[in-house]
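All remarks here apply to the structure that follows.
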Amino acid sequence: MCRKAAWAELTARVTSVVDVQSKMRGFYIIISYVQKQSCIRCRKRTGADTAFLLAHSRGLLYNYKMGILYTDVNHLRKERPRMRRIGMLTSGGDCQSLNATMRGVAKSLYNMFDDVEIVGFEEGYKGLMYADYQILKPSDFSGILTRGGTILGTSRQPFKLMREPDENGLDKVEAMKHTYRKLRLECLVILGGNGSQKTANLLREEGLNIVSLPKTIDNDLWGTDMTFGFESAVNVATNAIDCIHTTAASHGRVFIVEIMGHKVGWLTLHAGIAGGADIILLPEIPYDLNVVCDALKKRSAAGKKFSILAVAEGAISKEDAALSKKELKEKKKNSIYPSIAYEIGAKISEKTGQEVRVTVPGHMQRGGEPCPYDRVLSTRLGAEAAKLIRDGEYGNMVVVRDGEITKIPLSETAGKLKYVDPKSSIIEEAKLVGISFGDE
Ligand code: F6P
């Protein structure tokens with residue numbers, strides 16, 4: 001068969017590149033019909049301009065006729081499309097469900113593409129800055145659905161210091177961009193809380209392809225109904241209150257359980273309600289100590305032998321809420337108490353004469369395994385992140401809204417916190433069952 005005849009036969013039969021690759025040796029091969037417009041070398045979709053496509057491929061496509069672009073099989077073999085590389089990092093305070101989320105992303109990517117490689121950066125943005133990374137294998141994501149912590153490690157790299165050089169004068173943002181480009185990443189998947197989302201948005205503004213995922217036990221990211229890690233932390237904090245319940249009942253004491261959350265009180269609110277706390281103090285609802293003490297006295301007068309307070313790390317009195325940021329900082333610096341729970345405890349004891357004990361579960365709340373709710377949520381969020389990567393929908397954070405997994409532009413959500421609304425129905429309902437928020 002002459003070359004011309006072979007070509008004619010080929011063009012009549014062939015429907016895709018894969019088809020030709022497997023059957024032909026040494027003949028011309030169709031790369032793309034002009035209408036399809038996708039370059040074999042970099043897989044970029046181009047416009048309808050054939051000349052551009054030819055120039056773009058710089059010699060790989062060396063001829064075209066009848067609206068068909070083609071090269072030969074040998075050339076194609078040498079010029080195999082490069083691996084699709086996705087970077088991944090976990091940033092900020094950890095939570096129970098980071099591994100489950102990374103697994104969700106990775107498994108979906110491996111199922112979607114044959115040619116995907118995941119690059120894991122160690123200790124969050126630090127790994128991206130200093131090019132500390134590992135090439136992850138599918139087996140790295142096996143068996144981690146139930147494992148707390150993060151297989152990549154994490155660190156806090158404050159957003160406000162991102163534009164400041166490190167101790168050796170390194171421009172952190174430029175360094176991160178350099179690593180991204182050097183590794184020829186197609187996209188960077190960032191799992192993080194509020195500060196990390198701000199940096200994710202900064203990198204997006206700097207031209208990197210970013211998909212982010214909402215991590216935090218605080219559930220304080222604006223734009224999503226739920227963050228992964230929150231429900232697992234609620235379980236731990238509730239369990240702490242449950243344990244306190246029996247001992248509080250035996251001794252007839254006032255117990256204060258301090259729950260994580262400096263700026264928002266979701267965790268304290270949910271654990272407080274779930275654990276049957278009598279008083280819940282949140283950053284969003286400044287308390288009056290007299291109101292708190294009155295609530296305690298009322299309980300004693302009603303024959304209740306003990307009381308439990310769920311107090312957020314960031315709970316604030318009405319007087320302190322009236323101070324300026326600077327004054328409050330100064331006051332906290334000079335405080336003799338290790339934390340707010342101890343301060344409230346000392347003042348309650350002084351005012352009511354009741355015996356008070358303070359419990360701080362602390363980082364236990366971020367530890368242990370993810371609860372089933374988080375495992376499901378993480379898997380769903382992870383799969384959606386992979387979909388966004390597949391579809392090239394970068395610059396988004398994956399979120400959950402009304403039970404559906406969807407996305408929100410980072411430009412819209414980064415840097416915004418979701419607070420507990422003191423006028424929301426959950427607060428009203430909690431008050432109806434007799435919980436005091438120390439405000440009225
Ligand atoms: O942001 C998550 C969180 O656990 C907060 O609830 C808590 O206040 C803070 O991190 C503790 O941070 P670190 O682990 O750096 O002490």
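The values are calculated or read from the model by the stated rules, or taken from the named source; none is laboratory data. These figures come from a predicted structure and were not determined experimentally. Cβ atoms come from the backbone with ideal geometry, glycine included; neighbour counts cover every protein chain shown. Ligands, DNA and RNA are stripped out before the accessible areas are found, and what is left, the full protein with its side chains, is counted by its heavy atoms. Shrake-Rupley method; radii C 1.70, N 1.55, O 1.52, S 1.80 Å.
Details
- Sites listed here are GluC sites (Glu not before Pro) in the stretch 75-169 whose DSSP assignment is loop and whose Cβ has at most 14 other Cβ atoms within 10 Å: Glu79, Glu167.
- Largest-first ordering by accessible area, 1.4 Å probe, given options Asp374, Asp294: Asp294, Asp374
- Accessible solvent surface per residue of the stretch 75-193, calculated while the other protein chains remain in place, 1.4 angstrom probe, Å²: 46 Å²
- Qualifying trypsin sites (Lys or Arg not before Pro) for the stretch 262-363 [loop in DSSP, other Cβ within 10 Å: at most 12]: Lys305
- Taking amide H as placed 1.01 Å from N in the peptide plane, the amide H of Gly265 sits under 5 Å from that of Glu284, Val420, each at least 5 places away or on another chain.
- Distance violations [Cα-Cα > 18 Å] among Lys198/Lys418; Lys126/Lys407; Lys126/Lys198; Lys177/Lys215; Lys126/Lys160; Lys215/Lys329: Lys126/Lys407; Lys177/Lys215; Lys215/Lys329
- Accessible surface of the stretch 239-305, 1.4 Å probe, proportion on carbon and sulfur as whole %: 53 percent
- Label positions at Glu393 and Tyr373, each projected 7 Å from the Cα along the C-beta direction, are separated by 2.6 nm.
- Label reach from Arg156 (point 7 Å along Cα→C-beta): in the stretch 350-367, amide nitrogens under 20 Å belong to 360-367.
- Which listed pairs, of Lys318/Lys351; Lys263/Lys305; Lys107/Lys137, have C-alpha distances above 21 Å, in listed order: Lys263/Lys305
- Eligible aspartates and glutamates near Lys304 by straight Cα distance, threshold 19 Å, same-chain separation 8 or greater: Asp242, Asp278, Asp294, Glu355
- Straight-line cross-link partners of Lys325 among the aspartates and glutamates, defined as a Cα under 12 Å from its Cα and at least 8 positions apart when in the same chain, are absent.
- Applying both filters, DSSP loop and at most 12 other Cβ atoms within 10 Å, to the GluC sites (Glu not before Pro) of the stretch 229-309 eliminates every site.
- For Tyr130, solvent-accessible area (1.4 Å; no DNA, RNA or ligand), Å²: 90 Å²
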